[in-house]
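The values are calculated or read from the model by the stated rules, or taken from the named source; none is laboratory data. Here the structure is a predicted model, which is why all the values come from computation and not from measurement. Cβ: placed from backbone, ideal geometry, glycine included. Neighbour counts: every protein chain shown.
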Amino acid sequence: MIWKHRLSYLFLAPFALCFTAFIFVPVVLAIVLSFTYFNAIERPRFIGWNNFQYLFSQDLVFLKYALPNTIKFALIVGPSGYIAAFLLAWLIVQLPAYARKWYALAIYTPSLTAGISMSVIWLPLLSGDRIGYLNSFLLKLGVISEPILWVSDQKHLMNSMMAVTIWSSMGVGFLAMLAGLLGVNRELYEAGKLDGIRSRLQEIWYITIPSMKPQMLFGAVMAIVSTFKAGHIGVELSGQNPTPQYAGTLLINHIDDYGSIRFEMGYASAVSVFLLLLMYVCNRLGFKLFGNKGDE
């Protein structure tokens, strides 16, 4: 049977090899190392559940900052970016065909130039002195009386991180939604009007969203992944590692701290496994909302 379908397996081989080498093996190794003490020099030493016990009982940075910050960041940035992607894609679809590609390119570009935009746009904009673009503008309007430390003050850093992340979140998920909206059968809208649909909101709720569930699901998964991996934005904005008073420290930063700086690979793996489980739960929620039977 395998030999009969050998050509199919040949086409699947590149994906299977890449998946095994870059996803399956690293995940398995992370799970194994999470039960060990491993400093990247000595051989890993099995210590059972000690890493997880320390994580949930004694790691104050994790309990007081990294976990709450990550949950807050994910709950605001994930849904906000997802809804914004859908609304912008829907607005673009309403435009004439010749203008769609230019507006789509303009909205998609920030996700491609996030690194350049950080130094060219966001750092000058959010500079904490009087010549920072945002401070200068607000001072001229009389909204504020003295400059605000947008990225070095713990009260404002998280909000700045959210704004930058949402601005640059119109990536592949946005393009998938745009493609899904363009692929909706126009005859369904005509049939809907005959069935009593009278407003654009009803069209979106009863026709558009059900017709593009696969694209909505893909967009949800991409939003979840991009939100949880956007950990270094706080360090780039503030220029400090860790961020001021851990105000912008997320789980990714906590993993990087123990893995790349302290070289406590076993403990970093334990935090990684926890983050993996958190992302899995969120993805399951996305499947429940937009998936069909058989998609899981």
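Right, Ile207: in a helix (DSSP H, G or I) and touching a Leu at 6+ places or on another chain (Cβ under 6 Å) or not?
Spelling it out, Ile207 is indeed in a helix (DSSP H, G or I) and touching a Leu at 6+ places or on another chain (Cβ under 6 Å).
State whether the residues of the range 282-291 include one that is farther than 18 Å from Leu55 by Cα, part of a helix (DSSP H, G or I), touching a residue at least 24 places away in the same chain (Cβ under 8 Å) and touching an Asp or Glu at 6+ places or on another chain (Cβ under 7 Å).
Within the range 282-291, one or more residues are farther than 18 Å from Leu55 by Cα, part of a helix (DSSP H, G or I), touching a residue at least 24 places away in the same chain (Cβ under 8 Å) and touching an Asp or Glu at 6+ places or on another chain (Cβ under 7 Å).
Working carefully through the options Val235, Val225, Val221, Val271, find the one that is under 30 Å from Trp122 (Cβ atoms), touching a His at 6+ places or on another chain (Cβ under 9 Å) and not polar (S, T, N, Q). Steps first, please.
Details: Val235 fails: touching a His at 6+ places or on another chain (Cβ under 9 Å); Val225 fails: touching a His at 6+ places or on another chain (Cβ under 9 Å); Val221 fails: touching a His at 6+ places or on another chain (Cβ under 9 Å).
Criteria check complete, one pass: Val271.
What single numbered condition from (1) within 21 Å of the chain's Cα centre (by Cα); (2) part of a helix (DSSP H, G or I); (3) not hydrophobic (A, V, I, L, M, F, W, C) fails to hold for Pro242?
(2)
Every residue, every condition in (1) part of a helix (DSSP H, G or I); (2) closer than 30 Å to Gly248 by Cα; (3) in contact with an Asp or Glu (Cβ under 7 Å, 6 or more places away or on another chain), yes or no:
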site: Tyr9; (1), (2), (3): yes, no, no
site: Ala13; (1), (2), (3): yes, no, no
site: Ala40; (1), (2), (3): no, yes, no
site: Gly48; (1), (2), (3): no, no, no
site: Gln53; (1), (2), (3): yes, yes, no
site: Pro68; (1), (2), (3): yes, yes, no
site: Leu87; (1), (2), (3): yes, yes, no
site: Trp90; (1), (2), (3): yes, no, no
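Can you tell me which residues in the range 152-175 are touching a Gly at 6+ places or on another chain (Cβ under 7 Å) and crowded, with 22+ Cβ neighbours inside 10 Å?
Listed by number, the residues that qualify are Leu157, Met161, Ser169, Gly173.
The rows are residues; the columns are (1) in a loop (DSSP other than H, G, I, E, B); (2) buried (at least 20 other Cβ atoms within 10 Å of the Cβ); (3) modelled with pLDDT of 90 or more; (4) within 17 Å of the chain's Cα centre (by Cα).
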{"residue": "Thr249", "(1), (2), (3), (4)": "yes, yes, yes, yes"}
{"residue": "Ser260", "(1), (2), (3), (4)": "no, no, no, no"}
{"residue": "Gly266", "(1), (2), (3), (4)": "no, yes, yes, no"}
{"residue": "Ser269", "(1), (2), (3), (4)": "no, yes, yes, no"}
{"residue": "Gly294", "(1), (2), (3), (4)": "yes, no, no, no"}
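Could we say that Met212 is of a type outside the set (S, T, N, Q), surrounded by fewer than 23 Cβ atoms within 10 Å (Cβ to Cβ) and either over 30 Å from Phe287 (Cα atoms) or touching a Gly at 6+ places or on another chain (Cβ under 7 Å) (or both) here?
No: the conditions fail for Met212.
Specify which of the listed residues (Pro68, Pro110) is closer than 23 Å to Phe274 by Cα, of a type outside the set (A, V, I, L, M) and surrounded by 10 or more Cβ atoms within 10 Å (Cβ to Cβ).
Pro68
For the range 64-71, indicate whether the set of residues that are without any contact (Cβ under 8 Å) to a residue 60 or more places away in the chain and among the β-branched types (Val, Ile, Thr) is non-empty.
Yes; the residues of the range 64-71 include at least one that is without any contact (Cβ under 8 Å) to a residue 60 or more places away in the chain and among the β-branched types (Val, Ile, Thr).
For the range 222-239, enumerate the residues that are among the β-branched types (Val, Ile, Thr) and within 9 Å of the chain's Cα centre (by Cα).
Selection gives Ile224, Val225, Thr227.
From the list Ile233, Ile204, Ile252, Ile224, which one is in contact with a Lys or Arg (Cβ under 8 Å, 6 or more places away or on another chain) and not basic (Lys, Arg)?
Just a single option satisfies the conditions, and that option is Ile252.
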